[in-house]
Amino acid sequence: MISNPELKRNLWSQCTLHKLIVGPLILFGVIVAIGMGAEESSTPFAWGSLLLFIAITGLWGSSLVSESIPVEVQSGTWPLQKLTPISPWTMTWGKILGASSYAWYLGIICLLTFFWALGDMPQHDLNALFSQNRILLFSLLISISLSGQSLALFLSFSALTHQRSNKKQQSIVVFIFLAFLFLSLFQGRPLPLVSWYGRSLQFYHFYLGTLLFLLFWVATGSYLLMRKELQLANASLGWMCFITSSNVYMMGFPWNLTVDNSASTLSQLIAGFILTWMLSYAALFWGMTNGIKVRESLLQWKEKRWRDWDSGLPRWIHTLLLLAILGMGITVYELLNSRQDWEGPPLNGLAWALFFFVLRDTALVLYFNFSKNPKPNLMAPLVYLAVLYGLIPTLLSLLGGSGWNFIFFPHLEASTALKIGAPFLEALLMAYFAIKRWRANFAKVH
Amino acid sequence: MIKVKNLNFDYPEKRVLKDVAFFIEGGSITALAGPNGAGKTTLLNCLAGLQTPISGNIEINGVSVIDEPRRCHEFLGFLPDNFGLYVDLTVRQCLTYFARAHNIPPNRLESATISIAERLGLIDHMSERAGSLSRGWRQKLGIAQTLIHDPEIIFLDEPASGLDPMARKDLSRFLVELQKEGKTLIVSSHILAELEDYSTHMMIIQDGRLLDPMAVGQHATQSTKILVLELYDIWPPLTDFLSAVDTIDQISIEGTRAQFQFAGDLREQNELLKKLVNRSAPVCALQTLESNLQDSYLEQMKRNDLQS
């Protein structure tokens, strides 16, 4: 008895008797055609069924999951579904597994064929992946497909929340994600060991851990967006946990940034800082804070509705906070320790320069988002950032004025005062313009 | 039953609900009327927990819709305008899905679906695909899905749009039945004549504001009525006579015809007539002017225009 109504509805829609009979027959035909050229070797069967599994559950399954939300919105069933008391988590997994249920039905047949063929495969054809324990191999393959499907649902929800749908872009992102995960499975012999927090781990064990970590966060992201769609408040703790755990994951690798190539504290701090710096931009462009959101946040603050305020707070704020903490960590480390263990150019406030540049760019994006246009413009700030980081510094260099580049990006050779002072002043100026624009367009309600 | 306080809702370009506040008692059918784009659908969406207002409170059965929208969905049913159906599922599957989604236990699924299908006349269509149903039957299936969990509160947004006159009549009858069972309904529609058939209260929304919140309930429960007195000849003391009666207000006299607001009951109306005859007034008729929902609506709108 299936207790998840969303899964059951999808099964009724996807798995009709006709499709359940015809699908495996076609699949059987394809697998036989692949094996026709094989001379009493099961290797082509194994490869064929493995590729079919990834294509069917990964690519096609993700596409089915991705379409599940827009189809409901277009057909007008989405509001009816939101009016039911089904829990957001039940809806999330019901959609991921339900929309891709037929793909899983065919995929499992491929996977069984794969394991059958693997049993008969000659020793010399067994690569590092195929030699792994069956349970580990099964877990790796299932996790890859599930991660792709969860990412597809996350992107689909994200497009719905931000009212910008680009199916082609979503498909490309999912394809690259799946291709990267799948191709990373194939490692030469001897199998590399992964060093993480000073421990040496078997590659596939570590890889499965990474996949599960990814799957957890992509599925959690979909769940949180589902909650948002259902008008439920999301505590910012979820995002904080995500960025913190991502930092913990990344800091575990030996970054070889220091003189002795060890995973020193400074190396870890720098790795975390770079990751958080990238996440700041991701949160800034993904969240697209608009004027209404700011007005809402101010009102919630005024009315002391802390839960709503926390839920609506743009996530780039939390990311910037962590960035500042890591910047502080680097500064303190530099002050307390000799600079001998850093092999690059002098850090000298580089972290703070980067921080203030992010602040300036945040204010720039907000300035464009605070226009009267109800749909935030993504392209305009991107063009301006390209001009600021690319075009102007290039022109300055060509004209022999590269010494002024500290105005446009963190310049290693500039003095600390200039390195930090310039982006700080730019951030202040840009923040002034952004606030002025918000006041003009959103402070008063019409 | 439904308590709304200082509700504000913003779209990026403008505020669409402005300090909306009202209270609706249980067991009523409230007509939500207003011009296109006035904020009717947004208000219903907020009431149903599909959209979150920028500020304000909504309480249904003592539960805050803003804080616990999913809990409200247990006792609330909403059929939005332009709703869709799962076209590749049969009527039975559609109903079973919504029954399950509303936490109806497995042992009651069959009886719940059969019961609602019988009420709406869908029982002979249970094996048909939702996509193959005609407009009227699709509407009925939509209503059946909305009511499968027997909600106490029901919101319907333009429920009769696209229905033929016969189906509209059926719908009106069905809504009155629901009201008699103690359900509380809010029905939004452009077509006032349709709302007239079943609504007990009226709420008008214009430009995001609820017009004269006191008007809620006035249409059905008003203790005053408009009386028309017709004489066969001009009677000079008429103005003084009517003005002296406590239960009479807003007198308007044009020749041999007088129209006024009367706050008394039928016995007092009879007394008034007796007094007129005793004073030898040339009375030929005294009748109640039937005021319909449309009149109330237009009157409210006119009053609002004058105030603004």
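The values are calculated or read from the model by the stated rules, or taken from the named source; none is laboratory data. This structure is a prediction, so every number in the text was calculated from the model and none was measured. Here Cβ is always computed from backbone atoms with ideal geometry, including for glycine, and neighbour counts include all displayed protein chains.
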Residues A:LEU7, A:LEU11, A:LEU17: which one is modelled with pLDDT of 90 or more, touching a Lys or Arg at 6+ places or on another chain (Cβ under 9 Å) and of a type in the set (A, V, I, L, M, F, W, C)?
A:LEU7
Got at least one residue in the stretch B:182-189 being modelled with pLDDT under 90, over 24 Å from the mean Cα position of the chain (by Cα) and either over 24 Å from B:LYS18 (Cβ atoms) or crowded, with 19+ Cβ neighbours inside 10 Å (or both)?
no
Consider B:ILE205 against the criteria (1) in a strand (DSSP E or B); (2) of a type outside the set (Ser, Thr, Tyr); (3) modelled with pLDDT under 80; (4) buried (at least 19 other Cβ atoms within 10 Å of the Cβ): it satisfies all of them except one. Which criterion is unmet?
(3)
Run B:THR113 past the list (1) within 12 Å of another protein chain (Cβ to nearest Cβ); (2) hydroxyl-bearing (Ser, Thr, Tyr); (3) crowded, with 21+ Cβ neighbours inside 10 Å and report the number of the one that doesn't hold.
(1)
Could you look through the stretch B:59-92, keep only residues that are buried (at least 20 other Cβ atoms within 10 Å of the Cβ) and in a helix (DSSP H, G or I), and pick out the one that is farthest from the other protein chains (Cβ to nearest Cβ)?
B:VAL91
Taking the criterion of being modelled with pLDDT of 90 or more, among the small types (Gly, Ala, Ser), under 18 Å from A:PHE53 (Cα atoms) and part of a helix (DSSP H, G or I), would at least one residue in the stretch A:130-144 satisfy it?
yes
If we ask which residues in the stretch A:231-250 are of a type in the set (A, V, I, L, M, F, W, C) and touching a residue at least 40 places away in the same chain (Cβ under 8 Å), their number turns out to be 6
Filter pass, B:PHE155 being within 14 Å of chain A (Cβ to nearest Cβ), in contact with a Phe, Trp or Tyr (Cβ under 8 Å, 6 or more places away or on another chain) and either surrounded by 23 or more Cβ atoms within 10 Å (Cβ to Cβ) or polar (S, T, N, Q) (or both)
yes
For the stretch A:7-26, give me each residue that is within 14 Å of chain B (Cβ to nearest Cβ) and more than 13 Å from A:SER100 (Cβ to Cβ).
A:LYS8, A:ARG9, A:TRP12, A:THR16, A:LEU17, A:HIS18, A:LYS19
Checking the structure you have, find out if any residue of the stretch A:274-293 is at pLDDT 90 or above and in contact with a Lys or Arg (Cβ under 6 Å, 6 or more places away or on another chain).
yes
Test for B:LEU156: is it part of a helix (DSSP H, G or I) and at pLDDT 90 or above:
no
Verdict on A:GLU67 being within 26 Å of A:HIS162 (Cβ to Cβ), more than 22 Å from the chain's Cα centre (by Cα) and acidic (Asp, Glu)
no
Being among the hydrophobic types (A, V, I, L, M, F, W, C) and either within 22 Å of B:GLY77 (Cα to Cα) or in contact with a helix residue (DSSP H, G or I) (Cβ under 7 Å, 6 or more places away or on another chain) (or both) is the filter here; which residues of the stretch B:157-190 pass it?
B:ALA160, B:LEU163, B:ALA167, B:LEU171, B:PHE174, B:LEU175, B:VAL176, B:LEU178, B:LEU185, B:ILE186, B:VAL187
Enumerate the helices (runs of 4 or more DSSP H) found wholly within the stretch A:71-119, keeping only those where 3 or more residues are buried (at least 19 other Cβ atoms within 10 Å of the Cβ) and within 14 Å of chain B (Cβ to nearest Cβ).
A:78-82, A:88-99
Please enumerate the residues belonging to the stretch A:298-310 that are surrounded by fewer than 19 Cβ atoms within 10 Å (Cβ to Cβ) and assigned to a helix (DSSP H, G or I).
A:LEU298, A:LEU299, A:TRP301, A:LYS302, A:TRP306, A:ARG307, A:ASP310
In the stretch B:17-33, how many residues are crowded, with 23+ Cβ neighbours inside 10 Å and not aliphatic (A, V, I, L, M)?
1
Could you please let me know if A:LEU399 is in contact with a Phe, Trp or Tyr (Cβ under 9 Å, 6 or more places away or on another chain), at pLDDT 85 or above and of a type outside the set (D, E, K, R)?
no
Considering only residues that are facing another protein chain (nearest Cβ under 7 Å) and over 15 Å from B:ILE154 (Cβ atoms), which ones fall in the stretch B:93-102?
B:GLN93, B:TYR97, B:ARG100, B:ALA101
Taking A:LEU428 as the residue in question, decide whether it is more than 17 Å from A:LEU284 (Cβ to Cβ) and either among the hydrophobic types (A, V, I, L, M, F, W, C) or modelled with pLDDT of 80 or more (or both).
yes
Condition check: touching a helix residue (DSSP H, G or I) at 6+ places or on another chain (Cβ under 6 Å) and assigned to a loop (DSSP other than H, G, I, E, B). Does B:ILE116 satisfy that?
no
Which of (1) among the small types (Gly, Ala, Ser); (2) modelled with pLDDT under 95; (3) under 20 Å from A:ILE108 (Cβ atoms) does A:ALA38 not meet, given it meets every other one?
(3)
Residue hits (the stretch B:1-57; part of a helix (DSSP H, G or I) and more than 14 Å from every other protein chain (Cβ to nearest Cβ)) are B:LYS40, B:LEU43
Residue among A:VAL194, A:VAL259 that is touching a helix residue (DSSP H, G or I) at 6+ places or on another chain (Cβ under 7 Å), over 30 Å from A:SER63 (Cβ atoms), modelled with pLDDT under 85 and not polar (S, T, N, Q)
A:VAL259
Take the residues in the stretch B:118-148 that are charged (D, E, K, R) and exposed (fewer than 15 other Cβ atoms within 10 Å of the Cβ), then tell me which one is nearest to the other protein chains (Cβ to nearest Cβ).
B:ARG135
